[in-house]
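Heads up: the structure comes next, in C-alpha cells.
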Amino acid sequence: MQHVTQAAYRNLSPDFRAPLDLALTQTVVRRALVVGSCFAEGFSWSIDKTFPGAEADFLLFNNAGDIPAPPRPVAEYDFQVTVLPLRTVMPQGLFAGLQWNDQQAFAERLLWSEETLRHMLEASHGLNAEHKLTTFVSNFLCPQSNSMGRLLAYNDPRNPAWYVRRLNDIVAEFCATRPNAYLLNADELASHIGRRHVQDDIVVINSHGAYIDDWDVRFDQDRLHPPKPLKEDMNLRTDDFIDGLWADVRAMVRSLRQQDSVKIVICDLDDTLWRGVLAEEAEIRLEIIEGWPLGVIEALSFLKRRGVLLAIASKNSEERIRDLWPSVINNRLPLSSFATIKINWNSKAENVDAILQEVNLLPRNALFIDDNPAERSLVQEAFPEIRTLGADLYSIRRILMWAPELQAGEITDESARRTEMIQSQIEREKIRTTMSRVEFLESLNVRINQFSIRNIRHPSFARAFELINKSNQFNTTGIRWSQEQVDRHFEAGGSFEAFHVEDRFTDYGLVAVAILSANRLEQFVMSCRVIGLDVELAAIGSLAQTVLGVCDELTAGFVETQQNIICRDLYSRCGFRFDGTIWRISSRSALPQADHVTFRRALEEMVPG
C-alpha cells in the first residue's frame, strides 16, 4: 500500500517549500553541471544530499566572456544550474562619485547592468541553445533594505534593493523566452527562509549578493576585541538555503518529467471544503469558509487552470448541496469547475471508482482529499496506489499549491480546456449506451487533422511533449523523453506525427503522437479521452499508408509496462505481425481502416528519411 506521510505544518526542512507528500518514487539524477561564481561552486558540493549518488561538475564563470567547455560530454548531464555573480553586473565601483540628485547617471548605470546581464545570460546559455540541455537559472538575492533610508522612494534605481529586483526581471524574462530554461528563484527562497538568516549584506557590500559565511573571521583575530563568528550570534540557515535550492531543482525536475503526476483531485465536501455539515446549517455563517477553507478553494481553482481535473465525492443530498453552493462558494469555484460530481449516499470507494472510470484515469494518478480517516482508509484499501490528504487541514493548501506532482513546465491549450473536454466526453459516453457501436461511431462526425513536428519551435511541440511524458495507459513503450533526446531525434531526421481530433461533442485538441524515425515507429501515445473512437486505427493507418508508399515495410516497437494493458493489441489490430522481436507491416498487408473518420493531412506531408 502506498502511504503518504503528512508534513508537519511548522516543518523547517527544505521539503516544506518543495513537498514530497505526493511522491511515490525517488528522483534519479546522474550528474549536473553548475555554472557561475565561487558562490555556485559551494552550492555544487551539496547535490548528493538531495539526489543520492549524483555528482556535479563546476564551471567557473564570473565575467562577461565566453563560457569554457564542460569537462564531460553534454549528454552525461541531466541539467545545468546557472548562478551568475551579482558583482559582475553591479560592480562595487559602479556608483562611485555619483550624487543623489543625478538621476540620469543612475538610470544609465541600470541600462549598462541590464545589457551586461543579458550578455552573460546568453554566454552561459550556450549548452542549452546548442544541445537543448535543461537549464535552471538562479536570480539574485535582493538587498534586505533601501540603503538610502526607509523614508525615500523604493522604486528608484538609486535604491540598490530595487535595482537588483530590476535585474531579476531580466533573468525572469530571459527564462520565459528560452526553450527548456527555467527560473530558479533563489530570492524567493531567501524570503521564505528569512533573509536575515541567509544573506550576507548585513556585513558586506550589496553587490556581493551571497549567503552568510564566516570565511573572513580568521583575518580578524589579532584585534583588541576579536569578533565572534556570526554563527555564534545569529541563527544562520545557510545550509537550509543551499538544500532548499536543490529541493527546488528537484521539484522542477519532477514536474518536467511528470514523475508521479496527479491528474485528478477528488474532494469530499463537509469539513474538507468547508467547516461542518453544510446541509444541517440553519444559516450560512462567515466562518464556514473563512480561513483554510478559502485557501483550499483558491488552490483548487489554480489546479483547474493548470489542467488538473477536479471531482467531488461526497455523502450528501445533491439537490441540497446544489441549492446551497451559490450562497457558500459562489463564483470562487463554480460547480462547473468539476469534471464530474458524485454527491450521493454511496460509499466513497464506489464514487471514486465511478469517477476514475468516467475520466479514464488510473488510481496512481489520483489524489483523494477527505477529513475522515476512516473514509481515507477505505478508499486507499480499495485503491492501494491512490494518494490521500486530509489528516492535517492546514497543510492541504500548501501541498496542492507547491507539490511538483501537480505542476507542469507549460500550460497548453489542451491542458487549459481539459475539464470541459472531459465533461463532453462523459456526455458522449452517456449517449453511447443508447446506440449500437456502429451507429454511435457514425453519429460522432470524428475529424482528424495530422501534421508533422520536426523541431521544438513548432507551436504544438509543447503539447506533444506533454502528451508523450504524461500518458501511461495508451503508451506503447512508456518511455519518457527529455528535450535533449527529442532534439537529437529531430536532428537525425525523425519527427513527431501529431493528430488533432474533434467530433460533434468537442474539440479534443492534440490527442495522439507517433514518434517516427524513417520507417520505424518508435512509440505511439494517445490520450484516453478518445479511446473507443478508433482514432488509433485511423492514425496508424495513415502512418502506414505514407511510409509504405516509399518503403517496403514499417516496423514498430512495443514495451510492456504495468499501465499499458489497453494498447497491447494495438499493432495486431492494425495488421502488423510480430516476428519475435519487433512488429512489422509490409506494403502487401491490409491497412487498418476507420471509415467513420474524416482525415486531413497538413500541406507539409511527412516524408520518411
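The values are calculated or read from the model by the stated rules, or taken from the named source; none is laboratory data. This one's a predicted model, so the numbers in the text were calculated from it and none came from an experiment. Virtual Cβ from ideal backbone geometry, glycine too; neighbours counted across all protein chains shown.
Residues in region 214-235: is at least one touching a Leu at 6+ places or on another chain (Cβ under 7 Å), under 28 Å from residue 50 (Cβ atoms) and surrounded by 19 or more Cβ atoms within 10 Å (Cβ to Cβ)?
To start, the set of residues in region 214-235 that are touching a Leu at 6+ places or on another chain (Cβ under 7 Å) comprises 214, 230.
Those left that are additionally under 28 Å from residue 50 (Cβ atoms): 214, 230.
Filter again for surrounded by 19 or more Cβ atoms within 10 Å (Cβ to Cβ), leaving none.
Within region 214-235, not a single residue is touching a Leu at 6+ places or on another chain (Cβ under 7 Å), under 28 Å from residue 50 (Cβ atoms) and surrounded by 19 or more Cβ atoms within 10 Å (Cβ to Cβ).
Which of the numbered conditions does residue 149 fail, given that it passes all the others? Conditions: (1) under 30 Å from the mean Cα position of the chain (by Cα); (2) farther than 30 Å from residue 251 by Cβ.
(1)
For region 302-332, enumerate the residues that are farther than 26 Å from residue 428 by Cβ, in a helix (DSSP H, G or I) and in contact with a Leu (Cβ under 7 Å, 6 or more places away or on another chain). Give the derivation first.
Taking region 302-332 and keeping what is farther than 26 Å from residue 428 by Cβ, we get 302, 315-317, 320, 323-324, 326-332.
Then drop every residue that is not in a helix (DSSP H, G or I), which leaves 302, 320, 323-324, 326-328, 330-332.
The answer is 324, 328.
Would you mind finding the one in 331, 346 that is farther than 28 Å from residue 412 by Cβ and of a type outside the set (A, V, I, L, M, F, W, C)? Even if it seems obvious, please write down each step before you answer.
Values: 331 fails: farther than 28 Å from residue 412 by Cβ.
Answer to the selection: 346.
Note down all Cβ pairs under 6 Å where the first residue falls in region 488-505 and is under 23 Å from residue 128 (Cβ atoms), the second is hydroxyl-bearing (Ser, Thr, Tyr), and they're at least six residues apart or on different chains.
Between residues of region 488-505 that are under 23 Å from residue 128 (Cβ atoms) and residues that are hydroxyl-bearing (Ser, Thr, Tyr), the close pairs are 494/517; 495/452.
Based on this model, can you work out whether residue 136 counts as part of a helix (DSSP H, G or I), among the aromatic types (Phe, Trp, Tyr) and crowded, with 16+ Cβ neighbours inside 10 Å?
So residue 136 does not fit the description; no.
Go through 516, 521, 510, 537 for me and flag whichever is over 28 Å from the mean Cα position of the chain (by Cα), under 21 Å from residue 450 (Cα atoms) and aliphatic (A, V, I, L, M). Don't jump to the end; show me each part of the working.
Details: 516 fails: over 28 Å from the mean Cα position of the chain (by Cα); 521 fails: over 28 Å from the mean Cα position of the chain (by Cα); 510 fails: over 28 Å from the mean Cα position of the chain (by Cα).
Of the residues listed, the single one that is over 28 Å from the mean Cα position of the chain (by Cα), under 21 Å from residue 450 (Cα atoms) and aliphatic (A, V, I, L, M) is 537.
How many of the residues making up region 247-287 are surrounded by fewer than 19 Cβ atoms within 10 Å (Cβ to Cβ) and β-branched (Val, Ile, Thr)?
The total comes to 2.
Kindly indicate whether any position in region 34-51 is within 23 Å of the chain's Cα centre (by Cα), in the same structural domain as residue 126 (by TED's automatic domain parsing) and under 19 Å from residue 187 (Cα atoms). Write out each step before concluding.
First, pick out the residues of region 34-51 that are within 23 Å of the chain's Cα centre (by Cα): 34, 47-51.
Keeping just the survivors that are in the same structural domain as residue 126 (by TED's automatic domain parsing) gives 34, 47-51.
Now drop any that are not under 19 Å from residue 187 (Cα atoms), which leaves 34.
For region 34-51, residues within 23 Å of the chain's Cα centre (by Cα), in the same structural domain as residue 126 (by TED's automatic domain parsing) and under 19 Å from residue 187 (Cα atoms): present.
From the residues in region 333-392 that are in a loop (DSSP other than H, G, I, E, B) and within 22 Å of the chain's Cα centre (by Cα), which one is surrounded by the most Cβ atoms within 10 Å (Cβ to Cβ)? Write out each step before concluding.
From region 333-392, those in a loop (DSSP other than H, G, I, E, B) are 333-334, 338-339, 345-347, 360-362, 370-372, 383-386, 390-392; that's our starting set.
With within 22 Å of the chain's Cα centre (by Cα) added as a condition, the list becomes 338-339, 360-362, 385-386.
Working: 338: 22, 339: 23, 360: 18, 361: 20, 362: 17, 385: 14, 386: 25.
The residue in question is 386.
All but one of (1) farther than 23 Å from residue 364 by Cα; (2) in contact (Cβ under 8 Å) with a residue 60 or more places away in the chain hold for residue 548, so report the exception by its number.
Going through (1) farther than 23 Å from residue 364 by Cα; (2) in contact (Cβ under 8 Å) with a residue 60 or more places away in the chain one by one, residue 548 breaks only (2).
From the set of residues in region 168-220 that are acidic (Asp, Glu) and assigned to a helix (DSSP H, G or I), which is nearest to residue 141 (Cα to Cα)? Let's see the steps before the verdict.
Step one: filter region 168-220 for residues acidic (Asp, Glu), giving 169, 173, 187-188, 200-201, 213-214, 216, 220.
Among the residues that remain, those that are also assigned to a helix (DSSP H, G or I) are: 169, 173, 187-188, 220.
Numbers: 169: 12, 173: 17, 187: 5, 188: 8, 220: 26 Å.
Per the criteria, the residue is 187.
Among 297, 284, which is the only one that is over 25 Å from residue 385 (Cβ atoms) and in a loop (DSSP other than H, G, I, E, B)? I'd like the intermediate steps shown before the answer.
On the way: 297 fails: in a loop (DSSP other than H, G, I, E, B).
Being over 25 Å from residue 385 (Cβ atoms) and in a loop (DSSP other than H, G, I, E, B) holds for just one of 297, 284, which is 284.
Considering only residues that are part of a loop (DSSP other than H, G, I, E, B) and within 25 Å of the chain's Cα centre (by Cα), which ones fall in region 52-71?
First pass over region 52-71, keeping only residues part of a loop (DSSP other than H, G, I, E, B): 52-54, 61-71.
Residues satisfying the conditions are 52, 53, 54.
Could you say whether any residue in region 109-120 is in a loop (DSSP other than H, G, I, E, B) and in the same structural domain as residue 163 (by TED's automatic domain parsing)?
no
Restricting to region 510-536, name every residue that is more than 18 Å from residue 488 (Cα to Cα), of a type in the set (A, V, I, L, M, F, W, C), in contact (Cβ under 8 Å) with a residue 60 or more places away in the chain and not in a strand (DSSP E or B). Quick ask: steps written out before the conclusion?
Just the residues of region 510-536 that are more than 18 Å from residue 488 (Cα to Cα), to begin with: 510-512, 524-536.
Checking the rest, the ones that are also of a type in the set (A, V, I, L, M, F, W, C) come to 510-512, 524-526, 528, 530-531, 533, 535.
Narrowing further to those that are in contact (Cβ under 8 Å) with a residue 60 or more places away in the chain: 510-511, 528, 531, 533, 535.
Scanning region 510-536 gives 528, 531, 533, 535.
Out of all the residues in region 288-318, which are of a type in the set (Ser, Thr, Tyr) and buried (at least 21 other Cβ atoms within 10 Å of the Cβ)? Walk me through how you get there before you give the answer.
Within region 288-318, the subset of a type in the set (Ser, Thr, Tyr) is 301, 314, 317.
The answer is 314, and nothing else.
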